Amino acid sequence: MKDYNYKNLRNVGLIGHGATGKTSLAEALLFYTNNTDRLGKVEDGTTVMDYEQEEKKRGISLSTSIASFEENNTKINIVDMPGYFDFQGEMVQGMRAVDIATIVVLLYQVFK
């Protein structure tokens with residue numbers, strides 16, 4: 001196992017409203033960095049990040065999930081946080097653990 005320190009370790013939070021694609025973005029990052037052998041889909045209940053039975057049933061994240069990959073000798077921890085207001089406490093707790101947050105916005109709903 002490789003040793004990590006503050007120079008080669010990043011905690012990146014994915015935040016945004018519910019159903020904007022945070023979990024799908026996390027799945028894509030894991031797949032395209034060869035950490036998973038398939039691209040999971042929220043609709044199918046096959047994502048790495050939404051692993052609890054209730055999350056699969058509802059099709060939304062209920063709790064904060066963490067997955068990681070390595071890129072350019074840097075370990076990146078993806079922190080996928082729920083977007084629905086009912087689970088705001090999970091998002092607040094997740095934000096305490098990250099270095100930076102990526103705001104995920106679903107644009108095509110604006111133009112409908």
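The values are calculated or read from the model by the stated rules, or taken from the named source; none is laboratory data. Keep in mind the model is a prediction, meaning the values are calculated, not measured. We place every Cβ from the backbone using ideal geometry, glycine too, and count neighbours over all the protein chains shown. In case anyone asks, the SASA skips ligands and DNA or RNA and just uses the protein heavy atoms, side chains included. Shrake-Rupley method; radii C 1.70, N 1.55, O 1.52, S 1.80 Å.
Filtering segment 9-25 to residues that are farther than 12 Å from Asn77 by Cβ, not hydrophobic (A, V, I, L, M, F, W, C) and not in a helix (DSSP H, G or I) leaves Gly16, His17, Gly18, Thr20, Gly21.
Out of curiosity, is Glu55 farther than 15 Å from Leu25 by Cβ and buried (at least 18 other Cβ atoms within 10 Å of the Cβ)?
Details: farther than 15 Å from Leu25 by Cβ: yes; buried (at least 18 other Cβ atoms within 10 Å of the Cβ): yes.
When the stated conditions are applied, Glu55 passes them.
Taken together, the criteria place Glu55 among residues that are free of Cβ contacts under 8 Å to residues at least 12 places away in the same chain and of a type outside the set (Ser, Thr, Tyr). In segment 10-20, of all residues being modelled with pLDDT of 95 or more and open to solvent by 30 Å² or more (accessible area, probe 1.4 Å), the one that is nearest to Arg58 (Cα to Cα) corresponds to Ile15.
Residue under question is Thr64, and the condition is that it be open to solvent by 20 Å² or more (accessible area, probe 1.4 Å), under 22 Å from Glu90 (Cα atoms), of a type in the set (S, T, N, Q) and within 12 Å of the chain's Cα centre (by Cα); does it hold? So Thr64 passes the test.
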